[in-house]
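Data first, discussion second: the structure below is written as structure tokens.
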Amino acid sequence: MNAFTQEAIAQPPRSGAAGAAQFAGWDSRKYNYYKPKGRHATHYEDVTVDVQPDPKRYLLQDFIISFPDGTPTYSETWTAAKSSDWHQFRAVDEEWERTHYQRQSTICGMIGSVVENARRAGAPKRLDRTWVKVLEQYLGAYKHAEFGLGMATMHAQRYGYTQMINSAILTNSSYKLRFAQDLTLYLAELALDLPEINLDLGKQHWLENPAWQGTREAVEAINGTSDYLEKYFAVNLVFEPLVAELVRSGFFMQVAAAQGDFTTPTVISAAEGDYQRNLANTAELVHILSQDAEHGAHNRALFNRWLAEHGKRALAAARQLQPMWSLPHHKVAQFPEALNRALERIRSITGELGLELPAELKAA
């Protein structure tokens, strides 16, 4: 064996076969082709980042599939907001498919157990009769608002430019639709013990009661916009603090116990928890876009316009709901105080994001 042969044998084999090369992270089962938000990639990032391809990052050509008119599978033009890097966003709650199903299942189980135990103890039959009418008519009407917000975010999630944005908006929609279902099933459970409840009155009040028409207009205006990010913004930064929280925590959770009702606040508390997650995700995305080095000024002006347009409707909707506070026998909450808390809430949210409240909300 000559020296050349001995040297060749001593060298490691060079091959193009998968796994032949050893490089940084070659033996890791975690993806390392993207920059994680923290020091180390999370499981959430591994299953969401770049799952939706982007021609600007890894595709050598445009999207493989396009609509018949030439519109690409995903387009940055589907929102008026602009970003120098849409892939920067990460959901604060880091929720993805498996964790979302687990949380939804936990909530449904909790609500089911609470309602079942209340029925077993005979709680529905001890409710104040006037309060039963409030649940029948006003809680029955409010579920339609939650359903409307769920449909708005369901439409919006399809158009998000990245998988991280899509996932955050989709889980938002799922929580809304689940809560609308929670209320529907809860009222149906009450009707098993209180056969006098008319389950159709909620829809009738939603369509005809003057107190709900501002809320209907606000929800329908959100659904009517074609800008997916405007929908997401209007739901979580405008409607939720001014109207949804006003109804949920400002009325039902404040008033129910005084009417002998300890079950309704528990059912509604699930939606309050949902909103904290949705708000955190929305605020994170809006903050990133507002502080974008290239497009921040454009985005802030756009967000202020959305805030003014949807804020005016939401404030009118909130004020029209005032008669609801006069319905219960035991009046333990006052509408002016509840509205002031709602206004402080939206002022706090928008203030932290550096947005400019319209004059109506400042002076209210």
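Observations, loosely collected:
- Looking across the stretch 310-330, not a single residue is free of Cβ contacts under 8 Å to residues at least 60 places away in the same chain and either open to solvent by less than 10 Å² (accessible area, probe 1.4 Å) or more than 21 Å from Pro210 (Cβ to Cβ) (or both).
- Residue check, Thr171 open to solvent by less than 20 Å² (accessible area, probe 1.4 Å) and either in contact with a Cys (Cβ under 7 Å, 6 or more places away or on another chain) or at pLDDT 95 or above (or both): yes
- Exactly one residue out of Thr71, Thr42 is in contact with an Asp or Glu (Cβ under 9 Å, 6 or more places away or on another chain), among the polar types (S, T, N, Q) and open to solvent by less than 80 Å² (accessible area, probe 1.4 Å), and it is Thr42.
- Any hit, the stretch 258-270, residues being at pLDDT 95 or above, under 13 Å from the mean Cα position of the chain (by Cα), open to solvent by 10 Å² or more (accessible area, probe 1.4 Å) and not small (Gly, Ala, Ser): no
- Qualifying residue in the stretch 222-243 (condition: closer than 24 Å to Lys133 by Cα, assigned to a helix (DSSP H, G or I) and not hydroxyl-bearing (Ser, Thr, Tyr)): yes
- Of all residues in the stretch 42-81, those that are in a loop (DSSP other than H, G, I, E, B) and in contact with a helix residue (DSSP H, G or I) (Cβ under 6 Å, 6 or more places away or on another chain) total 5.
- Enumeration of residues in the stretch 180-233 that are under 18 Å from Arg319 (Cβ atoms) and hydroxyl-bearing (Ser, Thr, Tyr): Thr215
- Restricting the stretch 122-158 to residues that are among the basic types (Lys, Arg) and open to solvent by 50 Å² or more (accessible area, probe 1.4 Å), the residue that is farthest from Leu246 (Cα to Cα): Arg158
- Selection from the stretch 94-104 of residues that are assigned to a helix (DSSP H, G or I) and either within 11 Å of Thr263 (Cα to Cα) or open to solvent by less than 40 Å² (accessible area, probe 1.4 Å) (or both): His100, Gln104
- Every pair of residues 6+ apart whose Cβ atoms lie under 8 Å, when the first sits in the stretch 260-277 and is closer than 19 Å to Asp128 by Cα while the second is part of a loop (DSSP other than H, G, I, E, B): Gly260/Leu127; Gly260/Asp128; Asp261/Leu127; Asp261/Asp128
- Residue ID - most open to solvent (accessible area, probe 1.4 Å), chosen from residues in the stretch 271-302 that are within 25 Å of Tyr138 (Cα to Cα) and polar (S, T, N, Q): Gln276
- The residues on offer are Ile64, Ile107, and the sole one that is of a type in the set (A, V, I, L, M, F, W, C), open to solvent by 40 Å² or more (accessible area, probe 1.4 Å) and either touching a Pro at 6+ places or on another chain (Cβ under 9 Å) or modelled with pLDDT of 95 or more (or both) is Ile64.
The values are calculated or read from the model by the stated rules, or taken from the named source; none is laboratory data. Being a predicted model, the structure only gives us computed values, none of them experimental. Ideal geometry is used to build each Cβ from the backbone, glycine not excepted, and the neighbour counts take in all protein chains shown. These accessible areas exclude ligands, DNA and RNA; they are computed on the full protein's heavy atoms, side chains included. Shrake-Rupley method; radii C 1.70, N 1.55, O 1.52, S 1.80 Å.
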